[in-house]
1. I need every pair where a residue in segment 101-118 that is farther than 11 Å from ILE28 by Cα has its Cβ under 6 Å from the Cβ of a residue that is open to solvent by less than 30 Å² (accessible area, probe 1.4 Å) and hydroxyl-bearing (Ser, Thr, Tyr), sequence separation at least 6 or different chains.
2. Considering segment 1-37 alone, what residues qualify as being of a type in the set (Val, Ile, Thr) and open to solvent by less than 10 Å² (accessible area, probe 1.4 Å)?
3. Going by the structure shown, is LEU147 of a type in the set (A, V, I, L, M, F, W, C), in a loop (DSSP other than H, G, I, E, B) and touching a Gly at 6+ places or on another chain (Cβ under 9 Å)?
4. Tell me, which residue of segment 14-64 that is among the hydrophobic types (A, V, I, L, M, F, W, C), out of contact with any Ser or Thr (no Cβ under 8 Å at 6 or more places or on another chain) and farther than 30 Å from VAL173 by Cα is modelled with the lowest pLDDT?
5. What pairs come out if I take residues in segment 150-172 that are under 17 Å from LEU29 (Cα atoms) and pair them with residues that are outside any loop (DSSP other than H, G, I, E, B) and not polar (S, T, N, Q) whose C-beta lies under 6 Å away, six or more apart or interchain?
6. Only one of ASN156, ASN180, ASN190, ASN174 is polar (S, T, N, Q), modelled with pLDDT of 90 or more and closer than 18 Å to GLN35 by Cβ. Can you tell me which?
7. Any idea which residue in segment 1-50 is nearest to THR191 (Cα to Cα), counting only those that are of a type in the set (A, V, I, L, M) and without any contact (Cβ under 8 Å) to a residue 60 or more places away in the chain?
Amino acid sequence: MEHNFVFYIDDVFFTEGLTLEILREFKILFEVPLQLNIPTIYNKSAFQNAIVNIENDNCRPSYKNKIIDVFGKFKEVENFIYDDNKININLSKIINVEALQFNDAKEIWAFINSKLPQRNFNPAYTKHGRRKNDGTLIPAQIGESQLLTTDIQSQNLLDSAIFDLRKRASFHVNFDEFYNNKYILFPDENTNEYTFHAFHLEEKLWSQKVPNSIRKYFGR
């Protein structure tokens, strides 16, 4: 995925003190830039001060390594100068969409998806069948997973689908909670029209076929 985004982890995460509760609360938020393979930076001095405070607190040094593991996936910088050629997204404890500050992974993904090229569901792909507008189900070919939604429903689910570039990057994923209560996968057809076909996934295959970060995002 081509992009011009950069994430900045707000200093407040460090200056207000790092705790395991904070890491758990914002774990899915911090996962988004890793899913997207987008440069993510944070203030080196603020982080180091937070680590020193942990080391000096006899009640807390046991989780220092856990905190280092989380933020070690990102890049320390001395100063952050906003680049006018980039879309700078601030991971914060507050939400201010106008200023591109987000504390919720779903809000970030909604913003990211709004900036992506339009993804188009391909109704002409027949291997997985589909559902007609009158409710009639056209069955999938033998041995193939079934698509359970209509063309319009499939497009709506594709519009808000997410992905993880570290695993099965060509599959965009959504959870179809409105129609079928199953994951729906959208394989990228690698066309100039940015087309995808789709199929639903039986629950017994979720852990095998859906990246762990995406299952945590949807809580399924």
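1. Within 6 Å, the pairs are GLN101/SER92.
2. Filtering segment 1-37 down to residues of a type in the set (Val, Ile, Thr) leaves 6, 9, 12, 15, 19, 22, 28, 32.
ILE9, VAL32, listed by residue number.
3. Details: of a type in the set (A, V, I, L, M, F, W, C): yes; in a loop (DSSP other than H, G, I, E, B): yes; touching a Gly at 6+ places or on another chain (Cβ under 9 Å): yes.
Considered against the rule, which asks whether it is of a type in the set (A, V, I, L, M, F, W, C), in a loop (DSSP other than H, G, I, E, B) and touching a Gly at 6+ places or on another chain (Cβ under 9 Å), LEU147 comes out as yes.
4. CYS59
5. Listed by first residue and then by second, the contacts come to ALA161/HIS172; ALA161/VAL173; ALA161/PHE186; ILE162/TRP109; PHE163/HIS172; ASP164/ILE214.
6. Values: ASN156 fails: closer than 18 Å to GLN35 by Cβ; ASN180 fails: closer than 18 Å to GLN35 by Cβ; ASN190 fails: closer than 18 Å to GLN35 by Cβ.
The conditions single out ASN174.
7. To start, the set of residues in segment 1-50 that are of a type in the set (A, V, I, L, M) comprises 1, 6, 9, 12, 18, 20, 22-23, 28-29, 32, 34, 36, 38, 41, 46, 50.
Next, only the ones that are without any contact (Cβ under 8 Å) to a residue 60 or more places away in the chain stay: 18, 20, 22-23, 38, 41, 46, 50.
Working: LEU18: 45, LEU20: 44, ILE22: 42, LEU23: 39, ILE38: 24, ILE41: 33, ALA46: 45, ALA50: 47 Å.
The extreme case among them is ILE38.
The values are calculated or read from the model by the stated rules, or taken from the named source; none is laboratory data. Quick caveat: nothing in here was measured; it's all calculated off a predicted structure. Backbone-built Cβ (ideal geometry, glycine too); neighbour counts: all protein chains shown. Surface accessibility is based on the protein's heavy atoms, side chains included, excluding ligands, DNA and RNA. Shrake-Rupley method; radii C 1.70, N 1.55, O 1.52, S 1.80 Å.
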